[in-house]
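Heads up, the thing below is written out as C-alpha cells.
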Amino acid sequence: MVEPSKISEKASVLAGQAVQAAGPALDKAKEVAGELAEKAGPYVEKAAQVAAQGVAAAAEQIDKATGGKYADKISSVASKIEHKLDPTD
C-alpha cells in the first residue's frame, strides 16, 4: 500500500509542474483579454447610448399609455436605468 505522505508529495510536485506549464498560457490569455477589451470599448459605449435611447422611448410610451398618471415614477426609474447605462460611471 502506498503511504499517504508519498501521494501528497507526488500531488504537490504535479501541481507545481501544472502551474509552471500554465504560466505562459495564462499570460497570453491576459494579454488577449486586454486587447479585446480595448477593441470593444467603442462598441460598448455605442450600445449603452442606444440602450439609453430605448429606455427613454419606452418610458415615454408607458407615460402616454398611463395618461401621465405615473409620470414621476416612470421618469425616476428611467433616469436610474439610464444612469446605470452610462459608461463613464
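Only one of the listed residues (Ile74, Ile81) is more than 20 Å from the chain's Cα centre (by Cα), in a helix (DSSP H, G or I) and surrounded by 14 or more Cβ atoms within 10 Å (Cβ to Cβ). That residue is Ile74.
Against the criterion of being modelled with pLDDT of 85 or more, part of a helix (DSSP H, G or I) and among the β-branched types (Val, Ile, Thr), Val13 qualifies. Annotation note: Cβ proximity below 7 Å between a residue of region 26-55 that is among the hydrophobic types (A, V, I, L, M, F, W, C) and a residue that is part of a helix (DSSP H, G or I) and surrounded by 11 or more Cβ atoms within 10 Å (Cβ to Cβ) (sequence gap 6+ or interchain) occurs for Ala48/Leu85; Ala51/Leu85; Ala52/Glu82; Ala52/Leu85; Val55/Ala78; Val55/Ile81; Val55/Glu82.
The values are calculated or read from the model by the stated rules, or taken from the named source; none is laboratory data. As the structure is a prediction and not an experimental result, all values here were calculated from the model. Neighbour counts are summed over all protein chains in view; Cβ atoms, including those assigned to glycine, are modelled from backbone coordinates with ideal geometry.
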